[in-house]
1. Rounded to the nearest 100 Å², what is the buried accessible area between B and A, both sides summed, probe 1.4 Å?
2. How many Å² of accessible area per residue for chain B, probe 1.4 Å?
3. Indicate the residues belonging to the stretch A:28-57 that lose 20 Å² or more of solvent-accessible heavy-atom surface (probe 1.4 Å) upon moving from the chain alone to the assembly of all protein chains, ignoring ligands and nucleic acids.
4. Determine the residues within the stretch B:1-46 where the difference in accessible area between the chain on its own and the full set of protein chains amounts to at least 30 Å²; count protein heavy atoms only and use a 1.4 Å probe.
5. Which angle between 0 and 90 degrees, to the nearest 10, do you get for helix A:36-52 versus the longest principal axis of chain A when only C-alpha atoms count?
6. In whole angstrom, how far apart do the alpha carbon centroids of the stretch B:63-106 and the stretch A:1-59 sit?
7. For B:Lys39, which lysines qualify as cross-link partners when the Cα separation must be under 20 Å and same-chain residues fewer than eight apart are set aside?
8. Please give the FRET efficiency for A:Asn80 paired with B:Glu38, using the beta carbon to beta carbon distance and R0 = 35 Å, rounded to the nearest 0.05.
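The values are calculated or read from the model by the stated rules, or taken from the named source; none is laboratory data. Just so we're clear, the structure is a prediction, and the values are computed from it rather than from any experiment. Cβ coordinates were reconstructed from backbone atoms using ideal geometry, including for glycine residues, and neighbour counts include every protein chain displayed. Calculation scope for accessible area: heavy atoms of the full protein, side chains included, ligands and nucleic acids excluded. Shrake-Rupley method; radii C 1.70, N 1.55, O 1.52, S 1.80 Å.
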Amino acid sequence: MSKDVLLKVELLSDPNLLCVVRATIEQLTELFGFPPPERRSVTRAVDEALTNIVRHAYGGQPGHPIEIVFRRVPPQRAANRGDGLEILLCDRGPAVDPLKLRGRRLDEIKPGGLGLHFIRQSMDTVEFTRKRGVNQLRLIKYLQGARHDSNS
Amino acid sequence: MQISARRTENTTIFDVSGDIDLANSPEMRKALLGELREKRTPRVIVNLTKVRYIDSSGVASLVEGLKASRDTGTRLLLFGLSPAAREVLQLSRLLKIFEVFENEEQALAS
């Protein structure tokens, strides 16, 4: 395992495990140095991403594999950002339709379609890719201010 | 998540505790729609004081409750929002759509 990897979690597509992952992320983001609002943002983004995998990639069926890898990535000094927490979420569901990754407009009051919006609002980087039958969602949240980086 | 109801003649208060997520939001949805759409209780209040986390499926359940209240001419009120609950309603631009109160007394007085 790369030295930049902070944590690797393998779980099955069971909604009852979401609370376990949230608790883990709350602890990890605190350890990483994020203040409470950013801890909630990262937790919310990963929880919503997992919810999408369980509901859409695996059609609500339990027992399918999900992998989450947490890594430390270098600061973006030009943007006055400290170290970043990168989170890779991988599933083996069908390819995702890019049109469905846009999220819906918020000027309509209707249930559903909010998860992607929450993810995009919560993270600094959100990228979807598919390689060799694996959907990968890459999320990054940076610490604000260079004083937080690992070299200080 | 746990949900329990306190009922008076015209009002039902749902006391919800724990996290509302994909695993249990259908339970809250069923409780809200049963009260608003089937029983047509004039005023339904959701106590979120002990809810630490609410995800998009939980927000969707609240929106369905809101739509049911509008369809039936009843009211759905919320109080006791945690920072996490307030944030998701702000992110989804719903904070001003719901009737939100600080505490139970204010909700009952409205």
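1. So the total buried area for this chain pair works out to about 2100 Å².
2. Each residue of chain B exposes 46 Å² on average to a 1.4 Å probe.
3. Hits at the 20 Å² cut-off: A:Arg40, A:Arg44, A:Asp47, A:Glu48, A:Thr51, A:Arg55.
4. So the qualifying set is B:Asp21, B:Leu22, B:Ala23.
5. Orientation of helix A:36-52: about 30 degrees from the principal axis.
6. About 27 Å separates the Cα centre of the stretch B:63-106 from the one of the stretch A:1-59.
7. B:Lys30, B:Lys67
8. Details: r = 54 Å, r/R0 = 1.55.
The value I calculate is 0.05.
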